[in-house]
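In what follows, a structure is listed as structure tokens, so that the remarks can point back to it.
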Amino acid sequence: MNANVIFRALSLLLSALLFYSCVTDIVPATGDRRYLGFTWQQETEIGKQASKEVTALFGVYRDPKVARYVIEVGNRVLETSHLRRPGIDEQIRKTPVTFGVLDSPVINAMALPGGYIYVTRGMLAHLNNEDQLATVLAHEIGHVAARHAARQAWQQQIGQGLLLGGALLGQGLGLPAQDILNLGGMATQLIFLRYSREDELEADKLGAEYSSAAGYDPREAIGLFQTLNRIQEKEGQGMPSFLATHPNPGDRIQRIRELTGPPRDKRPLADSRYLNTIESLVLGEDPRQGFVEGNVFYHPDLRFRFPVPRGFKVINQPTQVMMVESQNRAVLGFTSSADKSPESAAARFLNQPGLRVIERGPMRSDGFPAFVVVADAQKQNGQVVRVMAYFIEYRGSVYHFVGYTAPQAFVVFRSLFLQSMQGFGEVRDSRILNREPVRLDLQSVSRPAPFRDLIPRSLPAPFTPEDVAILNQVELNQEVGTGRILKIPAAH
């Protein structure tokens, strides 16, 4: 993941914990005044900054039709929520709530402090109708109305604040925080975990209330929870419900049934409107933003490539590519620079305090001018890491590799770092340059048949028949009736 983005987001939240400390304020969902980590105004300020970080990390999905639709449904549900009800503090009632779509294949939705709500395109692809979308957005609005971020800041400022502080020390140098966070241990995680589970259950309750008041059927969310359960089982990621931050999907299905009445009549027009809106949605990873093939990272739009060190996992984000060694002994990052030349970029890098330069000098990659710097950097605890930075000028832009590891391991990873850095070059293969993402096509069922007989025999990689069944919230052998619209992955 983008270490700088995570660092800034964690810094922001930790600052809130340390400096905002404790206030008493109103919780719109209950009307109660209670201890919170920050005021509503502070919460909106935190959310505004966090929103910038999240959109920088994942990217915004650029489809105006989809964006308008999500905003429309979100606002319809918002008007029924506690955030807009009479008697609520005027400052809260007048706070705009932002709805957006993130360009990520991960099935997720999130509510940031102060009313910044996002769904991913991966989530949209796995929903079947407007009722499901409305219930997802209502759930996230519930988090905002219940002031869960501010409540968690108050409840966790001692235990989690210390953990975040440890993570920040690592992230400040671009080091993975995973090991530092693990020092908190399972006991600490379980102490605080139950609060977030209660928050999720409360958001489920509020979401069912808000979506129902807006004219939607919250029971449609059962199909989504069943989908999440199938994905967990398929990928082997199921976990005991008492350890899950979000309650187990099976538990949430029972909860929704308890919170709602009998199912409402189907709304075919609303269902078809939803599906028509997401037609041509990008499914899975978008190769136009970069992909790995044959241990080489390619970016068709920017027309560059570089080899990925063997044994490194690639995490591709809109503003950065991170490559992490399987045992977390080394990290190699790649991003763009605002500098005009490799030399000026290197000079700015060398201007950072605390660097002990070991070597520097001009290089070339595939004929393009480059500059390399090797230096030792000292962490706050006195530990030293060795950094190799490499700057390349290509097609009017400057790109920047940075690899780091422990000094004693540098002799092992130096050649791997250089392999990627000096292997950077231009993409000329039209097969790579013309690679397009898999998109969602709609197909109307003309005859009753088992689902597996209605999907194409040849599906674009990496989709399987089971993936497509999950996408449509059906079983492979389930009989599908005439007139149903199916979502089918298709290469374009």
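Scan region 333-369 residue by residue and report those that are touching a Phe, Trp or Tyr at 6+ places or on another chain (Cβ under 6 Å) and closer than 25 Å to I315 by Cα. Listed by number, the residues that qualify are F334, S336, P342, A345, A346, S365.
Here's the yes/no breakdown for (1) modelled with pLDDT under 95; (2) over 16 Å from K52 (Cβ atoms); (3) of a type in the set (D, E):
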{"site": "T95", "(1), (2), (3)": "no, yes, no"}
{"site": "V106", "(1), (2), (3)": "yes, yes, no"}
{"site": "A109", "(1), (2), (3)": "yes, yes, no"}
{"site": "Y118", "(1), (2), (3)": "no, no, no"}
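A Cβ distance below 6 Å, combined with a sequence gap of six or more or placement on separate chains, defines the contacts here; from region 358-387, residues that are over 30 Å from V427 (Cα atoms) reach residues that are open to solvent by 20 Å² or more (accessible area, probe 1.4 Å) and of a type in the set (V, I, T) in the pairs A375/V357; A375/I358; D376/V384; Q378/V384. Scanning region 364-386 for residues that are assigned to a loop (DSSP other than H, G, I, E, B) and among the charged types (D, E, K, R), which turns out modelled with the highest pLDDT? Within region 364-386, the match that is modelled with the highest pLDDT is D366. Checking region 336-351 against the condition returns no match, with no residue being modelled with pLDDT under 95 and at positive phi. In region 207-223, the residue that is nearest to V136 (Cα to Cα) out of those that are of a type in the set (A, V, I, L, M) and surrounded by 24 or more Cβ atoms within 10 Å (Cβ to Cβ) is A221.
Report whether or not A3 is at pLDDT below 85, aliphatic (A, V, I, L, M) and either surrounded by fewer than 20 Cβ atoms within 10 Å (Cβ to Cβ) or touching a strand residue (DSSP E or B) at 6+ places or on another chain (Cβ under 9 Å) (or both). So that I can check it myself, show each step before the final result.
Numbers: at pLDDT below 85: yes; aliphatic (A, V, I, L, M): yes; either surrounded by fewer than 20 Cβ atoms within 10 Å (Cβ to Cβ) or touching a strand residue (DSSP E or B) at 6+ places or on another chain (Cβ under 9 Å) (or both): yes.
Here the answer is yes, as A3 does meet what is asked.
Taking the listed residues F413, F401, F371, F451, the one that is aromatic (F, W, Y), surrounded by 20 or more Cβ atoms within 10 Å (Cβ to Cβ) and under 29 Å from the mean Cα position of the chain (by Cα) is F401, with no other qualifying. Filtered by the rule that a residue be among the small types (G, A, S), at pLDDT below 75 and either crowded, with 17+ Cβ neighbours inside 10 Å or within 21 Å of N472 (Cα to Cα) (or both), region 239-275 gives A244, G250, A270.
Quick one: would you say E325 is of a type outside the set (S, T, N, Q) and either more than 30 Å from T55 (Cβ to Cβ) or out of contact with any strand residue (DSSP E or B) (no Cβ under 9 Å at 6 or more places or on another chain) (or both)? Even if it seems obvious, please write down each step before you answer.
Details: of a type outside the set (S, T, N, Q): yes; either more than 30 Å from T55 (Cβ to Cβ) or out of contact with any strand residue (DSSP E or B) (no Cβ under 9 Å at 6 or more places or on another chain) (or both): no.
So E325 fails the test.
A quick yes/no check of all residues on (1) surrounded by 14 or more Cβ atoms within 10 Å (Cβ to Cβ); (2) at pLDDT 95 or above:
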residue	(1), (2)
T277	yes, yes
Y298	yes, yes
F306	yes, yes
Q317	yes, no
E359	no, yes
P362	no, yes
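Scanning region 336-363 for residues that are of a type in the set (A, V, I, L, M, F, W, C) and assigned to a strand (DSSP E or B) yields L355, V357, I358, M363. Among the residues of region 454-491, those identified as open to solvent by 70 Å² or more (accessible area, probe 1.4 Å) and outside any loop (DSSP other than H, G, I, E, B) are E479, A491.
Filtering region 428-447 down to residues that are among the charged types (D, E, K, R) and within 15 Å of P489 (Cβ to Cβ), which residue is most open to solvent (accessible area, probe 1.4 Å)? Walk me through it before giving the result.
Narrowing region 428-447 to residues among the charged types (D, E, K, R): 428-429, 431, 435-436, 439, 441, 447.
Cutting the leftovers down to within 15 Å of P489 (Cβ to Cβ) gives us 436, 439, 441.
Numbers: E436: 89, R439: 71, D441: 50 Å².
Looking at residues that are among the charged types (D, E, K, R) and within 15 Å of P489 (Cβ to Cβ), I get E436.
The values are calculated or read from the model by the stated rules, or taken from the named source; none is laboratory data. Predicted, not measured: the structure shown is a model, and the values here were computed from it. Glycine also receives a Cβ, built like all others from the backbone with ideal geometry; neighbour counts cover every protein chain displayed. Each accessible area value is taken on the protein alone, full model and side chains, heavy atoms only, with ligands, DNA and RNA left out. Shrake-Rupley method; radii C 1.70, N 1.55, O 1.52, S 1.80 Å.
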